[in-house]
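I have placed the structure first, in the form of structure tokens, so that the comments after it can refer back to it.
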Amino acid sequence: MIFASVGSMLPFDRFVRGVDEWARDNPEKDVFIQIGGGDYEPRHAPFARMVTLADYRAKLNACDLFVAHVGMGSILQALEARKQMLLLPRDLALGEHTTDHQMHTAERFRGRQGMEIVTTIDELKAGITRLLCNPLSAGGEFSAKASPQLTAAVALFLSGGTPQNSEVRYA
């Protein structure tokens, strides 16, 4: 099953239309699209404007391929679920966002194991087909919980203290 999501913030009709066109051309494949508040409604795949967090997680855990915008929430949840990702950033020049931060995020994550970044709808459609036939290896271990070192550093910072060891790294 393919789970496609635009997130909860802004419409992304170009993305939704592209995934729906892929579903039209591949009717034997199960596709579900979370479309948000956009104008375009899919004709070839089931969809919902929004899903509950429990339903989102269930669809993410059940999917063979997660297709999404380049939102950090989407990326982090897919990493945690160890799902291969195909990501299309929203484009400021097309009115899909208020800044180009998704383009910058895409560049930061380009080449990471378990995810592929595309920039056009044709690349998105080709990527869906390719990744269903030749899945990517999921990324490395990922936890939604902060490490003890990070929480200790944050607690120290919030208390106004300074680290004893100047070699502490947070990246």
**Complete:** Across the stretch 20-69, the tally of residues that are hydrophobic (A, V, I, L, M, F, W, C), over 21 Å from Thr119 (Cβ atoms) and touching a Ser or Thr at 6+ places or on another chain (Cβ under 7 Å) stands at 1
**Asked** Is the stretch 119-138 home to any residue that is assigned to a loop (DSSP other than H, G, I, E, B), in contact with a helix residue (DSSP H, G or I) (Cβ under 6 Å, 6 or more places away or on another chain) and either at pLDDT below 75 or among the hydrophobic types (A, V, I, L, M, F, W, C) (or both)?
**Response** no
**Asked** Can you pull out the residues in the stretch 17-53 that are assigned to a helix (DSSP H, G or I) and modelled with pLDDT of 95 or more?
**Response** Arg17, Gly18, Val19, Asp20, Glu21, Trp22, Ala23, Arg24, Asp25
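Let me confirm something: among Ala78, Ala68, Ala4, Ala48, which residue is over 20 Å from Glu123 (Cα atoms), touching a helix residue (DSSP H, G or I) at 6+ places or on another chain (Cβ under 9 Å) and either crowded, with 23+ Cβ neighbours inside 10 Å or among the charged types (D, E, K, R) (or both)? Break it down into steps so the answer makes sense when it comes.
Working: Ala68 fails: over 20 Å from Glu123 (Cα atoms); Ala4 fails: over 20 Å from Glu123 (Cα atoms); Ala48 fails: either crowded, with 23+ Cβ neighbours inside 10 Å or among the charged types (D, E, K, R) (or both).
Among Ala78, Ala68, Ala4, Ala48, only Ala78 is over 20 Å from Glu123 (Cα atoms), touching a helix residue (DSSP H, G or I) at 6+ places or on another chain (Cβ under 9 Å) and either crowded, with 23+ Cβ neighbours inside 10 Å or among the charged types (D, E, K, R) (or both).
The values are calculated or read from the model by the stated rules, or taken from the named source; none is laboratory data. Note that this is a predicted model, so its numbers are computed, not measured. Note that each Cβ is placed from the backbone with ideal geometry, even for glycine, and that neighbours are counted across all protein chains shown.
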